[in-house]
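Q: Next up is a structure, given as structure tokens.
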Amino acid sequence: MHELCNPLFYLNDPKSDEMLVKTYCAAVNGLETTTITVEVSMTRGVMFHLTGLADTAVKESHDRIKAAMQNIGFRFPMADLTVNLSPADLRKEGSGYDLPLAISILAADGKVVQDELQNYMLVGEVGLDGRLEPIRGALPIAIKARADKFKGLIVPSQNVCEAAVVNNLDVYGMDSLSDVVNFFNHNGSFEPTVINTRQKFLEQQSHFELDFADVKGQESVKRALEVAAAGGHNLIMVGPPGSGKSMMAKRLPSILPPLSLSESLETTQIHSIAGKLGRGMSLISQRPFRSPHHTISQVALVGGGQNPQPGEISLAHNGVLFADELPEFNKSTLEVLRQPLEDRHITISRAKYNIDYPCSFMFVASMNPCPCGYYGDPTHKCVCTPGQIGRYLSNISGPLLDRIDIPCEIQAVPFSELSKMQPGEPSAVIRERVIKARQIQEQRFKNHKGIYCNAMMTEKMLHEFAEPDQASLDMLRMAMERLKLSARAYSRILKVARTIADLAGSEKVESMHIAEAIGYRNLDRGDWAERGI
């Protein structure tokens, strides 16, 4: 029995004919999970009272439970029922309270044996036919159940794989309310689901459907993507339609270092809360790749809503957020990315509470140089006026571009050359170099909590780990004056140079590394908007 809860008790006084039963479930608000005590008091009467700051979905549970009981052979008790969801000042949302409410009512009516109720947490939506429907947040609920020393957790069978990754907790997947009743009444044999988390996680880490071997040519862009992956840098590709921007971006996860088990658990929790885990999924074993359409709203991108849910930036946590056709996005939508790109977390504020979601992701974008897409293309004529190009590019603000470490230009590969080229370097080979560079960074930042790649370095850390020599400083000074770079761009050049040095196995940042990093700052030229590059 868990340490936070008193033993189950009930009052059955012949004079009062009253009974009190408790069961336990959980409320998920952001990444914070709270244990909820469901108290049901049954006395003589015909009324049903529900207290504890429940939303509409919880209040409607009375009708679902009543129909479900009738369809599995029980009568809803003709009594005065008072239900309290404690703590009463915490808002309860969703249909996951159906199962503990139903079991509490049946136990109060003498239809469920009560000796084990206090040892289990229960969550699940009950259908009118008694079947259990999946709920959101099964994984964080399982983690909370283990932390509160519950013996086990009962969830719908569709959620059992994600909940069962938590060890030292008996997780049972049930198909119907009848199964749960039989479980507590000791009718039949029920076994907890056991998943070898580490084995299943490792089996799926290296299988990718998309590979850089499919990309012919574009060596300079692939080099930029390798540098971005090695240091966790944000990147934008500018080029005409059909040049391979989206193709290469979609293959970026195949060269990123594998998720650690702790990163996987954190990422899976976010997807579990959002209801994005498919049936039968346990842990997310590959870095997420999210590619929202350019019509996306601000709320869908950063999270929120009436019942605040994670947005695309949080679903991309520990992975990649890809914005295809960047200038087509609404300008106000793009501007909300500025703070998350810096802070790597987003706070959604409401009148009575705040919810924090992590959003540490690589931001990768692609765009055409002009509305028609062919400005500067030697094989096509651009039909855009300078005013059209300016308006097209005006959606991308300077402060947003400042947060992009590596801008790179890309040209389409002619068919005559494309047909002659050999397959490109496979992702597995590139990934090995990226992993070695990341291992150097992990060792470098082992004493700095929350820092694990070069893109996350603070200004103080730049002076410690990426201080250039005098020749490099002179080169940087010239670039700053010519390209009119901001102080933020200066810092990002040093971060990228540090990553290039790590890929080369160099302990110090040298002038050749600085030169390559400066070469990526094409979009910082004062005339880039006019030239459309």
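Q: Out of 304, 376, 311, report the one residue that is at positive phi, surrounded by 19 or more Cβ atoms within 10 Å (Cβ to Cβ) and not polar (S, T, N, Q).
A: Checking each option against the conditions leaves just 304.
Q: Let me ask something else. Scan region 87-97 and give yes if some residue there is over 32 Å from the mean Cα position of the chain (by Cα) and open to solvent by less than 40 Å² (accessible area, probe 1.4 Å), otherwise no.
A: Checking region 87-97: not a single residue is over 32 Å from the mean Cα position of the chain (by Cα) and open to solvent by less than 40 Å² (accessible area, probe 1.4 Å).
Q: Give the number of residues within region 44-86 that are farther than 17 Å from residue 107 by Cβ, more than 35 Å from the chain's Cα centre (by Cα) and open to solvent by less than 50 Å² (accessible area, probe 1.4 Å).
A: 2
Q: Looking only at residues that are within 16 Å of residue 373 (Cβ to Cβ) and not in a helix (DSSP H, G or I) in region 389-404, which one is least open to solvent (accessible area, probe 1.4 Å)?
A: Looking at residues that are within 16 Å of residue 373 (Cβ to Cβ) and not in a helix (DSSP H, G or I), I get 396.
Q: While we're here: Can you confirm whether residue 128 is among the aliphatic types (A, V, I, L, M), open to solvent by 60 Å² or more (accessible area, probe 1.4 Å) and either outside any helix (DSSP H, G or I) or more than 16 Å from residue 183 (Cβ to Cβ) (or both)?
A: Yes, satisfied.
Matching residues to (1) of a type outside the set (Gly, Ala, Ser); (2) exposed (fewer than 15 other Cβ atoms within 10 Å of the Cβ):
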position: 438; (1), (2): yes, no
position: 441; (1), (2): yes, no
position: 449; (1), (2): yes, yes
position: 453; (1), (2): yes, no
position: 457; (1), (2): yes, no
position: 464; (1), (2): yes, yes
position: 467; (1), (2): yes, yes
position: 472; (1), (2): no, no
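Q: Kindly provide the set of residues from region 329-364 that are among the aromatic types (Phe, Trp, Tyr) and more than 20 Å from residue 405 (Cβ to Cβ), ordered by number.
A: 353, 357
Q: Then there is this: Has region 176-186 got any residue that is open to solvent by 80 Å² or more (accessible area, probe 1.4 Å), polar (S, T, N, Q) and either free of Cβ contacts under 8 Å to residues at least 40 places away in the same chain or farther than 23 Å from residue 35 by Cβ (or both)? So that I can check it myself, show each step before the final result.
A: Filtering region 176-186 down to residues open to solvent by 80 Å² or more (accessible area, probe 1.4 Å) leaves 186.
Keeping just the survivors that are polar (S, T, N, Q) gives none.
For region 176-186, residues open to solvent by 80 Å² or more (accessible area, probe 1.4 Å), polar (S, T, N, Q) and either free of Cβ contacts under 8 Å to residues at least 40 places away in the same chain or farther than 23 Å from residue 35 by Cβ (or both): absent.
Q: So, one more: Can you list residue pairs whose Cβ atoms sit under 9 Å apart, with the first residue in region 51-71 being without any contact (Cβ under 8 Å) to a residue 40 or more places away in the chain and the second being in a loop (DSSP other than H, G, I, E, B) and β-branched (Val, Ile, Thr)? Count only pairs 6 or more apart in sequence or on different chains.
A: Listed pairs, sorted by first residue: none to list.
Q: What residue, of 142, 164, is of a type in the set (A, V, I, L, M, F, W, C), modelled with pLDDT under 95 and buried (at least 24 other Cβ atoms within 10 Å of the Cβ)? Please lay out each step first, then the result.
A: Details: 142 fails: modelled with pLDDT under 95.
Every option except 164 fails the conditions.
Q: Of (1) open to solvent by 50 Å² or more (accessible area, probe 1.4 Å); (2) in contact (Cβ under 8 Å) with a residue 40 or more places away in the chain, residue 345 satisfies all except one. Which?
A: (2)
Q: While we're on this one: Which of the residues belonging to region 236-265 are open to solvent by 40 Å² or more (accessible area, probe 1.4 Å) and under 27 Å from residue 400 (Cα atoms)?
A: 241, 242, 247, 250, listed by residue number.
Q: Restrict the check to region 78-85 and report whether at least one residue is part of a loop (DSSP other than H, G, I, E, B) and not aromatic (Phe, Trp, Tyr). Explain how you work it out, then say what you get.
A: Initially, region 78-85 is screened for residues part of a loop (DSSP other than H, G, I, E, B), giving 78-79.
From the residues that got through so far, the ones that are not aromatic (Phe, Trp, Tyr) too are 78-79.
Taking every residue of region 78-85 in turn, at least one turns out to be part of a loop (DSSP other than H, G, I, E, B) and not aromatic (Phe, Trp, Tyr).
Q: Residue by residue through region 172-206, note down the ones that are closer than 23 Å to residue 118 by Cβ, among the hydroxyl-bearing types (Ser, Thr, Tyr) and either assigned to a helix (DSSP H, G or I) or out of contact with any strand residue (DSSP E or B) (no Cβ under 9 Å at 6 or more places or on another chain) (or both).
A: Residues satisfying the conditions are 178, 189.
Q: What residue, among those in region 279-297 that are open to solvent by 40 Å² or more (accessible area, probe 1.4 Å) and among the hydrophobic types (A, V, I, L, M, F, W, C), is modelled with the highest pLDDT?
A: Going through the qualifying residues, I end up with 289.
Q: Still on this structure, please answer the following. Hey, can you tell me all the residues within region 266-278 that are farther than 23 Å from residue 451 by Cβ and open to solvent by 40 Å² or more (accessible area, probe 1.4 Å)?
A: Within region 266-278, 275, 276 meet the criteria.
Q: Taking region 199-216 on its own, how many of its residues are modelled with pLDDT of 75 or more and among the charged types (D, E, K, R)?
A: Total meeting the criteria: 4.
Q: Please indicate, with yes or no, whether at least one residue in region 201-224 is touching a His at 6+ places or on another chain (Cβ under 7 Å) and farther than 30 Å from residue 365 by Cα.
A: Within region 201-224, the first condition is being touching a His at 6+ places or on another chain (Cβ under 7 Å), and the residues that meet it are none.
Looking through region 201-224, none of the residues is touching a His at 6+ places or on another chain (Cβ under 7 Å) and farther than 30 Å from residue 365 by Cα.
Q: Pick out the one residue from 533, 514, 518 that is open to solvent by 20 Å² or more (accessible area, probe 1.4 Å), among the β-branched types (Val, Ile, Thr) and modelled with pLDDT of 85 or more.
A: On the way: 533 fails: modelled with pLDDT of 85 or more; 514 fails: open to solvent by 20 Å² or more (accessible area, probe 1.4 Å).
Matching residue, one of 533, 514, 518: 518.
Q: Another question, then. Consider region 98-125. How many of its residues are in contact with a Pro (Cβ under 7 Å, 6 or more places away or on another chain), open to solvent by 10 Å² or more (accessible area, probe 1.4 Å) and part of a loop (DSSP other than H, G, I, E, B)?
A: Of the residues in that region, 1 qualify.
The values are calculated or read from the model by the stated rules, or taken from the named source; none is laboratory data. All values reported here derive from a predicted model rather than from experimental measurement. Quick reminder, even Gly has a Cβ in these numbers, built from the backbone with ideal geometry, and neighbours come from all protein chains shown. Heads up: the accessible areas ignore ligands, DNA and RNA and are worked out on the full protein's heavy atoms, side chains in. Shrake-Rupley method; radii C 1.70, N 1.55, O 1.52, S 1.80 Å.
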